[in-house]
Amino acid sequence: MTGVLGKFLVMGVVLSSIVACSSDDSSKKVAPTGSDTYSCLFAFSEGGQADYSALRTAKNAQTYFEKEYNQNYLDAVSAASAEATMDFVNQTDATVYKSELITTNLCSSNLFATAKDMTLDVEARWNSAKDTVKKGTILGLYLPQVDSKDYPSLKNSAAIIIRENTNRWTLVHEFMHHLFMLRSLEQGYRDDQLRSDLSKVSAEVNAIYPDEDQPLTEAQALKLAIPLAKYTKIADTFLVHYFLEEMTIEATLKDAASAGSLKYVPTGEDNWYIAVSAQKAVDLYAGLAGEIANVAKKLPSNANAEVMALYDAISIIKKRKETIDLIQKRFPYDLSTQGGALLTAKAHEHQGCAHEAEGEEIMKSIEKVIRKTK
């Protein structure tokens with residue numbers, strides 16, 4: 001993805017209709033004809049009012065991977081109806097748009113029929129996101145606020161796009177992306193700057209590496225150690241904002257639903273989406289850790305600064321892996337025994353569009369650094 005689109009942090013959710021076994025049942029579960037969005041489970045007005053007194057207030061909470069968000073805003077809609085939730089979200093520098101219905105012969109309610117029609121620029125971005133999804137149907141998409149003449153609708157408001165006949169979980173999931181982004185911006189996160197930094201350090205690292213199939217020398221390892229450590233930290237920041245953010249949202253909302261604070265949403269036990277997001281992150285972290293180990297073993301004993309830089313990078317990876325393991329223990333799913341996944345809105349399992357576009361772009365960049373040096 002090029003131009004301004006490459007600078008977007010795009011988050012989305014997908015409803016897939018492929019077949020799977022659950023982790024605690026060896027029998028095959030076959031997807032019904034048509035996709036069940038569970039839009040009939042709760043009526044549009046079923047639930048409480050949003051707590052509008054929370055608007056323009058902040059109580060920063062920290063969740064998995066040290067990610068922060070405004071707890072007041074989530075609490076304000078946790079027990080609200082879909083109608084009140086949408087109205088509240090529309091007052092938080094975001095606009096909820098509706099997209100076309102999901103085709104289904106199962107019970108279907110046009111739950112979000114009163115959401116705004118997509119503007120031409122938002123619809124173009126929605127259509128582009130749909131094209132990136134190879135399997136399944138997009139349920140929702142988050143587009144951050146951006147100052148660009150190509151996207152006038154996003155100048156003063158982020159966009160949350162949801163299917164007209166999806167359910168409140170999708171809306172709250174996308175709202176969480178918005179809350180994480182708002183807090184990240186307050187903390188100085190700039191996606192375009194990090195992309196630039198990642199590209200520059202990647203070029204620096206790749207320029208030092210030996211030619212393919214050539215062993216790494218001590219001199220090259222000395223030059224490579226600090227840039228590789230820097231690259232690992234930048235890559236980690238992106239992973240936290242992409243694959244690990246998807247894990248975080250699903251786990252945080254599942255925690256809230258289990259505790260009874262998040263209401264009027266479908267419930268389910270399938271943790272496929274958490275497992276898939278985790279696996280992508282784990283693979284990339286493992287590759288980076290392997291490169292760090294390869295470089296470290298080539299360093300001379302007196303390379304104190306280089307060793308410490310690599311140690312700090314490995315410590316970050318270790319910390320992330322510990323949190324990934326914690327989430328997967330809380331929400332287990334064995335990908336190795338699954339031939340796919342029956343994903344329904346009831347089961348809360350959603351594949352992120354970012355993983356099909358910007359996320360995959362980041363993966364390719366990181367994979368170029370993972371050389372498996374000798």
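Quick note: the coordinates plus some simple rules give every number you see, no bench work behind them. This one's a predicted model, so the numbers in the text were calculated from it and none came from an experiment. Cβ placement follows ideal geometry from the backbone for every residue including glycine, while neighbour counts extend to all protein chains displayed.
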Karplus 3J(HN,Hα) series, Hz, for segment 52-59 with 6.51 cos²θ - 1.76 cosθ + 1.60 (x for Gly, Pro): 5, 5, 6, 4, 6, 10, 9, 9
Centroid-to-centroid separation of segment 223-238 and segment 104-125 [C-alpha atoms, Å]: 42 Å
³J(HN,Hα) computed for each position of segment 161-171 - Karplus, 6.51 cos²θ - 1.76 cosθ + 1.60, integer Hz, glycine/proline x: 9, 9, 4, 4, 10, 8, 10, 5, 4, 4, 5
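Which entries of LYS98/LYS130; LYS263/LYS321; LYS130/LYS319; LYS155/LYS233; LYS297/LYS321; LYS233/LYS321 have Cα-Cα distances beyond 26 Å here?
Values: LYS98/LYS130 14 Å; LYS263/LYS321 31 Å; LYS130/LYS319 34 Å; LYS155/LYS233 30 Å; LYS297/LYS321 22 Å; LYS233/LYS321 14 Å.
The answer is LYS263/LYS321; LYS130/LYS319; LYS155/LYS233.
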Amide proton proximity set for THR95, modelled H, under 5 Å, gap of 5+: ALA158, ALA159, ILE160
Sequence-distant residues sharing a close amide H with GLY48 (under 5 Å, placed H): ALA80, SER81
Least to most buried among TRP169, TRP126, TRP272 (fewest other Cβ within 10 Å first): TRP126, TRP272, TRP169
Interchain or long-range residues, amide H under 5 Å from ASN110's placed H: none
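Take SER81, SER258, SER336, SER99 and order them by how many other Cβ atoms sit within 10 Å, fewest up front. Walk me through the numbers before you get to the answer.
Values: SER81 21, SER258 11, SER336 6, SER99 24.
Listed from fewest to most nearby Cβ atoms, that is SER336, SER258, SER81, SER99.
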Residue order, fewest to most surrounding Cβ atoms within 10 angstrom, among ARG125, ARG195, ARG168, ARG163: ARG195, ARG125, ARG163, ARG168
HN-Hα J in Hz across segment 174-191 - Karplus 6.51, -1.76, 1.60, θ = phi - 60°, x for Gly and Pro: 5, 4, 5, 4, 5, 5, 5, 5, 4, 5, 4, 5, 4, 8, x, 5, 9, 4
Relative packing of peptides 151-159, 182-190 - highest average C-beta neighbours within 10 Å first: 151-159, 182-190
